[in-house]
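S.K.: Just dropping this structure here.
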Amino acid sequence: MRVALHTRVRADRIEEYDAAHREVPEELRAAIRAAGATSWTIWRSGTELFHVIECTDYARLLAELEGLPVNIAWQARMTELLDVVHDYSTEGAGAGLPVVWEL
């Protein structure tokens, strides 16, 4: 399945956010793959961040990552940098951006 998300980086933390994503821990990358993601791409336009995740089951992906220490540490770091964070709630699990049009 493909899921699109929207988050927002704080205007004064853009460089830090970009730098953090050049150094995503390999342990976190491996955990994301093990949880069923085959790709995760993030685009940035100013402070707006758009994510596209290809995975077998988004709810499973979130459930498997949510309690992992490496992900908890990463999310704490991202919380410092973001105005709008990735939603790990039950409602958020199936609530990616709605598809408006596809070719």
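Quick note: the coordinates plus some simple rules give every number you see, no bench work behind them. Everything quoted here is computed from the prediction, not taken from an experiment. Glycine also receives a Cβ, built like all others from the backbone with ideal geometry; neighbour counts cover every protein chain displayed.
S.K.: Show me the helices of the chain, taken as full DSSP H stretches, that run 18 Å or more along their long axis by Cα and average 0.5 or above in Kyte-Doolittle hydropathy.
M.R.: Working: long enough: 69-81 (19 Å, -0.02).
Within the chain not a single helix satisfies the rule.
S.K.: Among 86, 21, which comes first, second and so on when ranked by fewest other beta-carbon atoms within 10 Å?
M.R.: Details: 86 16, 21 12.
By the 10 Å Cβ count, ascending, the order reads 21, 86.
S.K.: Would you calculate, for the chain, the mean residue ellipticity at 222 nm contributed by helices, counting each DSSP H stretch of 4 or more residues as -39,500 (n - 2.57) and dividing by all residues, to the nearest 500? Mind showing how you got there, number by number?
M.R.: Working: 5 runs with 43 residues, N = 103.
Only helices count here, giving -11500 deg cm²/dmol.
S.K.: Residue 73 to residue 99: FRET efficiency via 1/(1 + (r/R0)^6), r the Cβ-Cβ distance, R0 30 Å, to the nearest 0.05? Mind showing how you got there, number by number?
M.R.: Working: r = 32 Å, r/R0 = 1.08.
The computed FRET efficiency comes out at 0.40.
S.K.: Further, regarding this structure: Can you tell me the length gained on complete extension of the stretch residue 48 to residue 83, counting 0.36 nm per residue apart and subtracting the Cα distance?
M.R.: Details: separation 35, 0.36 × 35 = 12.60 nm, distance 0.97 nm.
Full extension of this stretch gives 11.6 nm more.
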